[in-house]
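A.B. asks: Can you read through this structure? Questions will come right after.
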Amino acid sequence: MRQIEDTKTAELPGMPTAKRRGRPPLGERAMTAAERQRASRKARFQAGLKNMSLTTPVQFNAMVDIATREKLKRVAAEQGLTMGQLLDRLIEQL
């Protein structure tokens, strides 16, 4: 058995190799935090499509006036909601 950093020494056939620490990578290397988050969002979205009773959070970007944003923030805080939850409720009323 040789050290992982050793790139010069050849492995002897039949000798056990040391297991690498941590979660095994899905490809040639470990996923970055952004790749894991992207995969998580995709899995949540796919699960939401299969089971419509689940709520699947998605990114929603909109340009609004600063006064509108502050009003939404204030109302959400008063009702103990996030801005996303407040927008969900407002849209359900349409």
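Here, each number is a calculation from the coordinates, and none is a lab measurement. None of these values were measured; they are calculated from a predicted model.
A.B. asks: Rounded to whole Hz and in sequence order, give me ³J(HN,Hα) for the range 58-65 from the Karplus expression 6.51 cos²θ - 1.76 cosθ + 1.60, θ = phi - 60°, writing x for Gly and Pro.
C.D. replies: Whole-Hz 3J(HN,Hα) from phi for the range 58-65: 10, 6, 9, 10, 8, 8, 10, 5.
A.B. asks: List, in order, the whole-Hz ³J(HN,Hα) value for each residue of the range 13-24 obtained from phi through the Karplus relation with A = 6.51, B = -1.76, C = 1.60 and θ = phi - 60°; use x for Gly and Pro.
C.D. replies: x, x, 7, x, 9, 6, 6, 6, 6, x, 5, x
A.B. asks: Tell me, in nm to one decimal, what length is gained between Gln59 and Ala77 on full extension, where the rule is 0.36 nm per residue of separation less the Cα-Cα distance?
C.D. replies: So the extension gain works out to 4.4 nm.
A.B. asks: Now a separate question. Pop out the ³J(HN,Hα) list for the range 35-42 in order, Karplus 6.51 cos²θ - 1.76 cosθ + 1.60 with θ = phi - 60°, rounded to Hz; leave Gly and Pro as x.
C.D. replies: For the range 35-42, the Karplus-derived couplings read 5, 5, 5, 4, 5, 5, 4, 5 Hz, x marking Gly and Pro.
A.B. asks: Kirkwood Rh, the chain, all Cα pairs: how many Å?
C.D. replies: 18.7
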